[in-house]
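J.: Questions regarding the structure given below will be posed in turn.
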Amino acid sequence: MKSLKERILDLKKEKNVVILAHYYQEADIQDIADYVGDSLGLSQEAAKTDADIILFAGVHFMAETAKILNPTKKVILPDLKAGCSLAESCPPEAFKKFTEAHPDHIVITYVNCSAEIKALSDIVCTSSNAVKIVESVPKDTPIIFAPDKNLGRYIINKTGRDMLLWDGSCVVHEAFSLDKLIELYKQHPDSKIIAHPESETHILETASYIGSTSGMIDFVKTNPGTKFIVATEAGILHKMQQEVPDKILIPAPAKENNTCACSECGYMKMNTLQKVYDCLLNETPEITVPEHIRKKALIPIERMLELSK
Ligand code: 13P
Ligand code: SF4
C-alpha cells in the first residue's frame, strides 16, 4: 500500500497539478509542494504556472489571488474555512464607505484581504514589497493603507509617509509577548531577534531584521550570527532550519493562554495532508470569484507584480 505522500504525488502528476504552499503550512505539506514561499513568491508562481490545476496549500485570500490571475484554471484549497484574521477585519461594505469618504486618496491594500477589497484598491502589496509600493506613489498623493495597521505603522516609520490606516491586525502576530521575549533574549544575549512586520511596534523595536517570511529566511542564511529568535508563525521554522542546519532557531514566545508556547496560525493549520489528498482526488473545494470582481481585482495585483520585477 502506497503512503499518503506517494498517492498525492501520483495524483499530482496524473492531473498536471502544481502544489503551491506557504511557509506556515505543516511540514508534511511543505515537503510535497512544488514551491514553498511567501505571498509575493506564491503570486508570482501562480502567475506563470502552466499546470491545469493549482492546489493552494495556504489560506483563502492566497488561493483567491491565484484564481484572479488564472481565470481559466481550476484553483483548489484543501479547506475552504482556512481564512485570515486580517482579511476578516476588512468587510467590503464598510471599506467602500471608508474609501468614498476619502476620494482623493490612493488605496493600497495588503494582499491579505478578500477579492472584493482588492477590487476597491489601486495597488496591492505584500510584506516583501510594501515599502517599495508605497514609495512608488508621488509624495503629495495621500494614501489609505488597509487592512493591517501594524504593517501600516511600520511602513509609516520606514517611509515617513502619513497614511490613513484601516484598523485590522493579525491575531497570530499580535500574540507575541514583549515581556517573555525580553526574558528569552536575556537568556540568549548572543542571539538576534527577527520579526515579521505584522507584529506590533514594541516587538518590531526589538528586532535586528524585519521582513517577509522569505526575507527572514534569507536573513538567517546570509547573516553571520548563529542564533536567532524568530517572531512569526512557527511553521516557518521547518524550511528555515533546513536552510541553516547548523544554526539555532528559537520561536518567539506567545502570551499566556495561547495553544502553544510559540504562535501558530489556526487558519493555516486547517489544511492537513489528508485534506490535500482528498482535495486532489475530488478537485474540491474549488475557488470561484465572480467575473466582475475578478476583473477589477486583477488590475491592482498586476500593478504590484509589475512594480516587483
Ligand atoms: P508573507 O508574505 O511574509 O509570507 O506573509 C504572509 C502572512 O500571512 C503573514 O502572516
Ligand atoms: Fe492571516 Fe495572520 Fe494567519 Fe497570516 S498568520 S494567514 S495574517 S491570520
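J.: Within 13 Å of ligand 1 (Cβ to nearest atom) and of a type in the set (Gly, Ala, Ser) - does that describe any residue in the range 69-84?
T.: Within the range 69-84, one or more residues are within 13 Å of ligand 1 (Cβ to nearest atom) and of a type in the set (Gly, Ala, Ser).
J.: Continuing with the same structure: Suppose we filter the range 222-239 for residues that are free of Cβ contacts under 8 Å to residues at least 60 places away in the same chain, touching a strand residue (DSSP E or B) at 6+ places or on another chain (Cβ under 9 Å) and in a helix (DSSP H, G or I); how many remain?
T.: 1
J.: Turning to a different aspect of this structure: Would you check if Ile117 is more than 16 Å from ligand 2 (Cβ to nearest atom), of a type outside the set (Gly, Ala, Ser) and either closer than 21 Å to Leu40 by Cα or in contact (Cβ under 8 Å) with a residue 60 or more places away in the chain (or both)?
T.: Against the criterion (more than 16 Å from ligand 2 (Cβ to nearest atom), of a type outside the set (Gly, Ala, Ser) and either closer than 21 Å to Leu40 by Cα or in contact (Cβ under 8 Å) with a residue 60 or more places away in the chain (or both)), Ile117 does not qualify.
J.: Which one is surrounded by the fewest Cβ atoms within 10 Å (Cβ to Cβ) among residues in the range 152-183 that are of a type in the set (Val, Ile, Thr) and part of a helix (DSSP H, G or I)?
T.: The residue in question is Ile182.
J.: Among the residues of the range 184-203, count how many are out of contact with any Leu (no Cβ under 8 Å at 6 or more places or on another chain), free of Cβ contacts under 8 Å to residues at least 40 places away in the same chain and not in a loop (DSSP other than H, G, I, E, B).
T.: Of the residues in the range 184-203, 4 are out of contact with any Leu (no Cβ under 8 Å at 6 or more places or on another chain), free of Cβ contacts under 8 Å to residues at least 40 places away in the same chain and not in a loop (DSSP other than H, G, I, E, B).
J.: Condition first: in contact with a His (Cβ under 7 Å, 6 or more places away or on another chain) and more than 14 Å from ligand 2 (Cβ to nearest atom). Now tell me which residues in the range 169-217 satisfy that.
T.: If the condition is that a residue be in contact with a His (Cβ under 7 Å, 6 or more places away or on another chain) and more than 14 Å from ligand 2 (Cβ to nearest atom), then Leu178 is the only one that fits.
J.: It is to be established whether one or more residues within the range 34-54 are away from ligand 1 (no atom under 14 Å from the Cβ), under 25 Å from Gln241 (Cα atoms) and assigned by TED's automatic domain parsing to the domain that holds Leu273.
T.: For the range 34-54, residues away from ligand 1 (no atom under 14 Å from the Cβ), under 25 Å from Gln241 (Cα atoms) and assigned by TED's automatic domain parsing to the domain that holds Leu273: present.
J.: Answer yes or no: is there a residue in the range 271-280 that is surrounded by 16 or more Cβ atoms within 10 Å (Cβ to Cβ) and within 13 Å of ligand 1 (Cβ to nearest atom).
T.: Checking the range 271-280: not a single residue is surrounded by 16 or more Cβ atoms within 10 Å (Cβ to Cβ) and within 13 Å of ligand 1 (Cβ to nearest atom).
The values are calculated or read from the model by the stated rules, or taken from the named source; none is laboratory data. Predicted, not measured: the structure shown is a model, and the values here were computed from it. Cβ sites come from the backbone with ideal geometry, for glycine too, and all protein chains shown count toward neighbours.
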